[in-house]
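Q: Before we start, here is the structure in question, set down as structure tokens.
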Amino acid sequence: MLYSFNWLNEFISLSDLQPQDLAQLLNERGLEVEALSSEKLDHVVIGQITKIYPHPNADKLQICHVKKDKDQAPLSIVCGAKNPKTGDKVVLCLEGAVLPGNFKIQERKIRGELSQGILASKKELGISSEDDGGIFILPTSAPIGSRLDEYLKTNDTILDVFIPPNRVDLMSHIGLARELSSLLDKPFRFPFEPYHHKSNTSNLGIPKGQMKYSKSPKLPFVPYKNSFNVKVYETDICPYYSGQMMKDVQIGPSPYWLKKRLELLGVNSVNNIVDITTWILLEWGQPLHAFDLDTLEGGIHVKKAKSKDQMLALNEDQLTFRGDELVIRDDKKNLALAGVIGGKSSAISDKTKNIFIESAVFAPYDVRRTARRLGLNTASSFQFSRGVFPHTSMLALQRACSLIQQVAGGSLQGSPYEEGSFSFAQKSITINQEQLNERLGYEVPLNEFTDWMKKMNSKVTKRFSNIKVTPPYYRKDVNIKEDLIEEWARLKGYDFVPKELPVFAPQKSLNNKELNFLERIKHTVKEQGYYQAINYSFVDHTLHSEFLGEKPVADIPLGPPIFLTNPITQDLNSLRQSLLPGLFQNLLFNMRHGEDFGRLFEQGISFFKTGNRFEEKQYLSFMVWGQKKDIWNSNPRPTLFDLKSSIDNLLTLIQAPDWTWTDFEGSFPFLHTKRRLLLKIQGQTVGFIGAINPMLSDQNKIRGDISMGELNLSLLLNIPKTEFKFQKPSLLPSVKRDISLLIPNEQNVEEILNFMKSHAPAEFRQISLVDYYEGVQKGFRSVSFRFIIQGSDKTLSEKQISSLQQPMVKALLKKYPVQIR
Amino acid sequence: MKYQEILKTAKDELSQAPDTNALYQVRVRYLGKNGTITSLMKELKNLSPEKRPAFGQQINELKNAIEEHYQNRKKTLKKSEISHEVSKDFLDLSLPGPTPKGGAFHPIEQIIQKTSSIFTHLGYKKVSGPLIETDWYNFSALNIPPDHPSRDNQDTFYLDSEHLLRTHTSPVQIRSLERLKPPLAIIAPGAVFRRDEIDSSHSPHFHQMEGLFIDRKVSMSHLKGTLSYFLKELQGSSAKIRFRPSFFPFTEPSAEYDSSCFICKGKGCSLCKGTGWIEIGGCGLVHPQVLKASEVNPEKWQGFAFGMGMDRLALLEYGIPDIRLFYENRMSFLEQFENALFF
């Protein structure tokens, strides 16, 4: 929230503080100052004209001698305006000044005569939006040499303070000044005398002696009969309602001081009446609403809206009510959505003469809900959602009336209407020394504690070792002893808290099976040369489902998409059900930036919904493209085999039981129909790999050897591991034997290899592929297998080896259409 | 006698052999199948039985002597041959080996692992929680009732009236308290989601780490000691900590904690905007309402909780200017983290 240093200074003397000091104090007390900006008009001072004579070379110009210091020679300024006279107090803008609109003032020669700056008009200074044809002539009392911003009180520093949501009491200049009065131990002062027709005392929760009043005249509240009735039907939602009629106000633009201050606090000026309601909100934290009294038909009713009833709001939104909204109505129509926005029909316009000002309290929850549902986040709804104190509603209303009289004239019509009640009572909290020490970790000086509580306007009583603290009515955030501890810590600062590592009590062991498993997977994949990607969990549903198609991904039916009810944009509107679309976007991004090699993996969650249950499943996905060529590797492989071996490797390292890669049916629209494999373990599909569908490459204008794959880790996690069994290495020598086969293209090699493995005698310790090439004979591949053979208790002879190998080869030739080369 | 003659000639021939090949030929001539020694052996059977042992012994001695000379000569020749070969060797050692496999964790993952390990060494256990949360775990149980304005600060993605994407890792506090009774010390890193517009320092999907410590008589000084230890492990022993009063509904008292600046170490620089301090996260003593919501008696047990942003920490730690770079997953970005300093 934005605060004006000058405005705060009206309520508590800050003359001995720099804005930076104030910011530091607030920061130390838990009120973070997020920004600090100065509003200054340098090199613009008040001068007095000592002489005027015509410009020798220009008919329309004249030269003014302007004095800005009694003792120094006057400056010479060329001026085109006709209104200045000798002796006038004027605004002198010197070299270095920057006027609104980035108008930089420089010394320069105009038609041969030196001008040491300019004499500014109201428009040039931003004081008026219209050009009145002349320069700004100040009253004769204006002090020569003073800065204009000081004279007009427009030099200010704006503090952007983060107000925690529990400190509603600070959401106004008076509220923050009240806090500062406690923090700085300085009296709070009113630059005007607050008036309350009932008690005639103002109550901000500050003890009497600590508040000072100025001697400004009281606002005359004339007892006068209201000409219409106000009735509050929903006292739960509207616990307090007050209002005042005013006659014969003159709607018009706001005076400079009003406009300027609102502008500094980020609010655009509308007209004098609306600006005063804004002023009151910023000063008191009390939203007001002004109605055009002459548009009202009958009395004011505060009640629930009629279902399907409509209202054209001030912002031109046509609102349709549900029936649970609180509205302000007259006998015939809706006037305003309570606490949120006014209606167009009763709005203040240029023609308005008589007004009704409302100062009420509406329940936070209701305003919040209505504002959210209708998407109307106004300054008023924001304030009401946080909370408004009825204790000061009447004071704010009266202050508003007084200011309106000042800027728009008019007179009060009758006494203010008031309905509702509130209490200043607050629950007391008891705390003792031990509790303070135990939570803070050091000995808290009790006297200082009670002093601070008193400074914060709490009532404090001591009984034996117990301290009873009753916070002031506006501290709704102080309810339990922990709140008192926090309040102390905040006021005293945390630098007193010593540093101490706690001694650990032994904890029960956690079964972190899943986390450990995921960490192991991630490490293993990374060690195989993959780079970890992290993508958003939300995706563009259309793109996502276009990419995936409708078929199950690794045995998981996609199920209904899970949409966010309030996405930021449509391209992030649903939760992902596969990590591949995200990795594919990464691929496209990489390719656009000329990255022709990539090994990406992502380990993360996909989201599913069955019935009303949401499920989160762990996935591991890969996007692989290009090969790094080097001098040792002249014959790069298809990337799909890199991916396949990486997964084989991964499965070995996590001790997965035997797995198979198989062909499959079904459409994965992103995969090449002839180059894709399903990974199965114990009959269960746990993942797939494949080369990119060339159609997809073409659509996206990408080229290159691209493969991808995805594993369902939630399934893999629950598959039992192969048991580790140690085998003593044999001391006998081993023998290598190779066999080369011609295998037809339609016969897959893995089947041959598996056949050999299952038919080979126990002495054949290892069987592996050692050579593969195409082009020996059309339709065939030449494949060499190597056997590592080792006897179990004695060295095998050549003859024995042959007789071991024979039956297996015979069976192979019988079963498969292969030939020995 | 023939013996001395043969030995001498053999020695001469062995000594004159220019290389190991020639040497071997000499050996074959004397000791091979058809060599001198074999023919001498054949003569043995022509001798009278009483002469045979002595002659046999002589042949044996001769054979051993030749073999010994051969072996010695072979050693010498081999040595010079290898030396010669080595001296003539050519291999350009400036050539690179095969391209290393590479591979790297995402910088955010690295920060998660680095920070986690600091706490797990202290005895904290790593746990996780769901990303889709209910209103209860994300808000109400954390002392943020439905109409609480604190909800304004964390703009939330909703899935339906009851389910949402967690806006912080704090729900894991409740889940852990429910599952594991105190005392406990856990950390919970993971993804969180807020409806923030994307810019250089905001992402709607980012990562946090939550810490929770519950025991008897826990104080702010324990919290400060723990986080001070953490910052020193992360940034070196000169790292300093500062607590600033703050507000969170689920801790009371609450604080924000800052570290002395990673770059200037407190002197003031552009990273810390001249303050010497960098904001790391929020912390505080667990609010009694939070303990009650998890059915833990706040009169018996107290604790502290802390949180920190992993993305932010990674930005600071690696000097990365824009959070969006994390989610582009570009190879030339990720490859740089192969050798990022960690552990």
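Q: Within region B:146-161, take every residue that is of a type in the set (D, E, K, R) and out of contact with any helix residue (DSSP H, G or I) (no Cβ under 8 Å at 6 or more places or on another chain) and give me the one that is surrounded by the most Cβ atoms within 10 Å (Cβ to Cβ). Give the steps one after another, and end with the answer.
A: Here is the first cut: in region B:146-161, the residues of a type in the set (D, E, K, R) are B:147, B:151-152, B:155, B:160.
If we keep only those that are out of contact with any helix residue (DSSP H, G or I) (no Cβ under 8 Å at 6 or more places or on another chain) as well, we get B:151, B:155, B:160.
On the way: B:R151: 21, B:D155: 15, B:D160: 12.
Here the residue is B:R151.
Q: Find the residue count for region B:201-215, including only residues that are more than 30 Å from the chain's Cα centre (by Cα) and more than 8 Å from chain A (Cβ to nearest Cβ).
A: So the answer is 1.
Q: Is one or more of the residues making up region A:461-470 assigned to a loop (DSSP other than H, G, I, E, B), on the phi < 0 side of the Ramachandran plot and away from chain B (no Cβ under 14 Å)? First the steps, then the outcome.
A: So in region A:461-470, the residues assigned to a loop (DSSP other than H, G, I, E, B) come out as A:464-465.
Filter once more, keeping what is on the phi < 0 side of the Ramachandran plot: A:465.
From what's left, away from chain B (no Cβ under 14 Å): A:465.
Within region A:461-470, one or more residues are assigned to a loop (DSSP other than H, G, I, E, B), on the phi < 0 side of the Ramachandran plot and away from chain B (no Cβ under 14 Å).
Q: Looking at B:S83, B:S117, which is the one that is polar (S, T, N, Q), within 12 Å of chain A (Cβ to nearest Cβ), assigned to a helix (DSSP H, G or I) and surrounded by fewer than 19 Cβ atoms within 10 Å (Cβ to Cβ)? Step through it out loud before you land on a result.
A: Details: B:S83 fails: within 12 Å of chain A (Cβ to nearest Cβ).
Selected residue: B:S117, the only one of B:S83, B:S117 that is polar (S, T, N, Q), within 12 Å of chain A (Cβ to nearest Cβ), assigned to a helix (DSSP H, G or I) and surrounded by fewer than 19 Cβ atoms within 10 Å (Cβ to Cβ).
Q: Given the structure, is A:I568 facing chain B (nearest Cβ under 9 Å), in a strand (DSSP E or B) and either aliphatic (A, V, I, L, M) or surrounded by fewer than 20 Cβ atoms within 10 Å (Cβ to Cβ) (or both)? Show your work before the answer.
A: On the way: facing chain B (nearest Cβ under 9 Å): yes; in a strand (DSSP E or B): no; either aliphatic (A, V, I, L, M) or surrounded by fewer than 20 Cβ atoms within 10 Å (Cβ to Cβ) (or both): yes.
When the stated conditions are applied, A:I568 does not pass them.
Q: Identify, please: which residue in region A:571-619 is under 11 Å from B:N329 (Cβ atoms) and within 7 Å of chain B (Cβ to nearest Cβ) and is, among those, surrounded by the fewest Cβ atoms within 10 Å (Cβ to Cβ)?
A: A:F589
Q: Could you tell me how many of the residues in region B:97-114 are surrounded by fewer than 17 Cβ atoms within 10 Å (Cβ to Cβ) and at the interface with another protein chain (Cβ under 7 Å from one of its Cβ atoms)?
A: Going through region B:97-114 one residue at a time, the tally reaches 3.
Q: Within region A:11-56, work out how many residues are within 14 Å of chain B (Cβ to nearest Cβ) and part of a strand (DSSP E or B). Steps first, answer last, please.
A: So in region A:11-56, the residues within 14 Å of chain B (Cβ to nearest Cβ) come out as A:20, A:23-36.
Pick out the ones that are also part of a strand (DSSP E or B) and you get A:33-36.
Number of matching residues: 4.
Q: Starting from residues that are facing another protein chain (nearest Cβ under 9 Å) and touching a helix residue (DSSP H, G or I) at 6+ places or on another chain (Cβ under 7 Å), keep the ones in region B:123-145 and report whichever is surrounded by the fewest Cβ atoms within 10 Å (Cβ to Cβ).
A: B:S128
Q: Checking the structure you have, find out if any residue of region A:527-535 is β-branched (V, I, T) and surrounded by fewer than 18 Cβ atoms within 10 Å (Cβ to Cβ).
A: Within region A:527-535 (the criterion being β-branched (V, I, T) and surrounded by fewer than 18 Cβ atoms within 10 Å (Cβ to Cβ)), the answer is no, since none of the residues qualifies.
Q: Looking only at residues that are assigned to a strand (DSSP E or B) and among the charged types (D, E, K, R) in region B:254-268, which one is farthest from the other protein chains (Cβ to nearest Cβ)? Reasoning before the result, please.
A: Restricting attention to region B:254-268, the residues satisfying the condition of being assigned to a strand (DSSP E or B) are B:254-260.
After this cut, where a residue has to be among the charged types (D, E, K, R) as well, the list is B:256, B:258.
Details: B:E256: 8, B:D258: 11 Å.
Looking at the filtered set, the residue picked out is B:D258.
Q: I'd like to check something: does region A:600-612 contain any residue that is within 42 Å of the chain's Cα centre (by Cα) and under 30 Å from A:Y773 (Cβ atoms)? Working first, answer last.
A: Kept after step one, since they are within 42 Å of the chain's Cα centre (by Cα), are these residues of region A:600-612: A:600-612.
In the following step, the residues that additionally are under 30 Å from A:Y773 (Cβ atoms) were identified as none.
Within region A:600-612, none of the residues are within 42 Å of the chain's Cα centre (by Cα) and under 30 Å from A:Y773 (Cβ atoms).
Q: Which of the residues belonging to region A:416-458 are touching a residue at least 40 places away in the same chain (Cβ under 8 Å), in contact with a Lys or Arg (Cβ under 9 Å, 6 or more places away or on another chain) and charged (D, E, K, R)?
A: A:E418, A:E419, A:R439, A:E448
Q: Something else about it: Any idea which of (1) of a type in the set (A, V, I, L, M, F, W, C); (2) under 60 Å from the mean Cα position of the chain (by Cα); (3) modelled with pLDDT of 90 or more is the one A:F724 doesn't satisfy?
A: (3)
Yes or no, residue by residue, for (1) touching a residue at least 40 places away in the same chain (Cβ under 8 Å); (2) in a loop (DSSP other than H, G, I, E, B):
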residue: A:R475; (1), (2): yes, yes
residue: A:L484; (1), (2): yes, no
residue: A:L491; (1), (2): yes, no
residue: A:F504; (1), (2): no, yes
residue: A:F517; (1), (2): yes, no
residue: A:R520; (1), (2): yes, no
residue: A:H523; (1), (2): no, no
residue: A:I534; (1), (2): yes, yes
residue: A:H544; (1), (2): no, no
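Q: Right, another one. With touching a helix residue (DSSP H, G or I) at 6+ places or on another chain (Cβ under 8 Å), farther than 29 Å from A:C401 by Cβ and hydrophobic (A, V, I, L, M, F, W, C) as the only criterion, which of A:L183, A:L152, A:L114 stands out? Steps first, please.
A: On the way: A:L152 fails: farther than 29 Å from A:C401 by Cβ; A:L114 fails: touching a helix residue (DSSP H, G or I) at 6+ places or on another chain (Cβ under 8 Å).
When all the criteria are applied, what remains is A:L183.
Q: Also, quick follow-up: For B:C272, all conditions in the list (1) in a helix (DSSP H, G or I); (2) without any contact (Cβ under 8 Å) to a residue 12 or more places away in the chain; (3) crowded, with 21+ Cβ neighbours inside 10 Å hold save one; what is the number of the exception?
A: (1)
Q: In region B:233-253, how many residues are without any contact (Cβ under 8 Å) to a residue 40 or more places away in the chain and more than 10 Å from every other protein chain (Cβ to nearest Cβ)?
A: Residues in region B:233-253 being without any contact (Cβ under 8 Å) to a residue 40 or more places away in the chain and more than 10 Å from every other protein chain (Cβ to nearest Cβ): 6 in total.
Q: Which residue out of A:S421, A:S381, A:S402, A:S415 is out of contact with any strand residue (DSSP E or B) (no Cβ under 6 Å at 6 or more places or on another chain) and within 14 Å of chain B (Cβ to nearest Cβ)?
A: Numbers: A:S421 fails: within 14 Å of chain B (Cβ to nearest Cβ); A:S402 fails: within 14 Å of chain B (Cβ to nearest Cβ); A:S415 fails: within 14 Å of chain B (Cβ to nearest Cβ).
That would be A:S381, the only listed residue that is out of contact with any strand residue (DSSP E or B) (no Cβ under 6 Å at 6 or more places or on another chain) and within 14 Å of chain B (Cβ to nearest Cβ).
Q: Taking into account only those residues within region B:251-269 that are crowded, with 19+ Cβ neighbours inside 10 Å and over 30 Å from the mean Cα position of the chain (by Cα), which is nearest to B:L177 (Cα to Cα)?
A: Among those that are crowded, with 19+ Cβ neighbours inside 10 Å and over 30 Å from the mean Cα position of the chain (by Cα), it is B:T251.
Q: Kindly indicate which of A:F664, A:F668, A:F688 is within 19 Å of A:K617 (Cβ to Cβ), in contact (Cβ under 8 Å) with a residue 12 or more places away in the chain and assigned to a loop (DSSP other than H, G, I, E, B). Explain how you work it out, then say what you get.
A: Details: A:F664 fails: within 19 Å of A:K617 (Cβ to Cβ); A:F688 fails: assigned to a loop (DSSP other than H, G, I, E, B).
Only one candidate passes the filter, namely A:F668.
Q: Go through region A:112-134 and give me each residue that's modelled with pLDDT under 90 and in contact with a Leu (Cβ under 7 Å, 6 or more places away or on another chain).
A: Those that are modelled with pLDDT under 90 and in contact with a Leu (Cβ under 7 Å, 6 or more places away or on another chain): A:E124, A:L125.
Q: Continuing with the same structure: Of all residues in region A:427-460, count the ones that are in a loop (DSSP other than H, G, I, E, B) and of a type outside the set (V, I, T).
A: Quick first cut of region A:427-460, residues in a loop (DSSP other than H, G, I, E, B) only: A:427-428, A:441-445, A:456-458.
Of the ones still in play, those that are also of a type outside the set (V, I, T) are A:427-428, A:441-443, A:445, A:456-458.
So the count comes out to 9.
Q: How many residues does region A:768-782 hold that are of a type in the set (V, I, T) and more than 11 Å from A:D738 (Cβ to Cβ)? Reasoning before the result, please.
A: Within region A:768-782, the first condition is being of a type in the set (V, I, T), and the residues that meet it are A:770, A:776.
Now restrict to residues that are more than 11 Å from A:D738 (Cβ to Cβ): A:776.
Within region A:768-782, residues that are of a type in the set (V, I, T) and more than 11 Å from A:D738 (Cβ to Cβ) number 1.
Q: Give, as residue ranges, the strands (runs of 3 or more DSSP E) completely inside region A:305-353 that count at least 2 residues that are over 22 Å from A:V230 (Cβ atoms). Break it down into steps so the answer makes sense when it comes.
A: Values: elements: A:310-312, A:318-320, A:326-329, A:334-337.
It comes to A:310-312, A:318-320.
Conditions (1) of a type in the set (A, V, I, L, M); (2) part of a loop (DSSP other than H, G, I, E, B); (3) over 60 Å from the mean Cα position of the chain (by Cα); (4) surrounded by 14 or more Cβ atoms within 10 Å (Cβ to Cβ), marked per residue:
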| position | (1), (2), (3), (4) |
| --- | --- |
| B:L23 | yes, no, no, yes |
| B:Y30 | no, no, yes, yes |
| B:N34 | no, yes, yes, no |
| B:S39 | no, no, yes, no |
| B:E43 | no, no, yes, no |
| B:S48 | no, yes, yes, no |
| B:P53 | no, no, yes, no |
| B:G56 | no, no, yes, yes |
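Q: Look through region A:354-367, keep the residues that are assigned to a helix (DSSP H, G or I) and surrounded by fewer than 24 Cβ atoms within 10 Å (Cβ to Cβ), and return whichever of them is farthest from the other protein chains (Cβ to nearest Cβ).
A: To start, the set of residues in region A:354-367 that are assigned to a helix (DSSP H, G or I) comprises A:364-367.
Retained after the next criterion (residues that are surrounded by fewer than 24 Cβ atoms within 10 Å (Cβ to Cβ)): A:364-366.
Details: A:P364: 6, A:Y365: 4, A:D366: 9 Å.
Ranking the candidates gives A:D366 first.
Q: Taking the condition polar (S, T, N, Q) and either facing chain A (nearest Cβ under 10 Å) or assigned to a helix (DSSP H, G or I) (or both), does B:S221 pass?
A: Numbers: polar (S, T, N, Q): yes; either facing chain A (nearest Cβ under 10 Å) or assigned to a helix (DSSP H, G or I) (or both): yes.
Yes: the conditions hold for B:S221.
The values are calculated or read from the model by the stated rules, or taken from the named source; none is laboratory data. These figures come from a predicted structure and were not determined experimentally. Every residue, glycine as well, gets a Cβ built from its backbone with ideal geometry; the counts of neighbours run over all protein chains shown.
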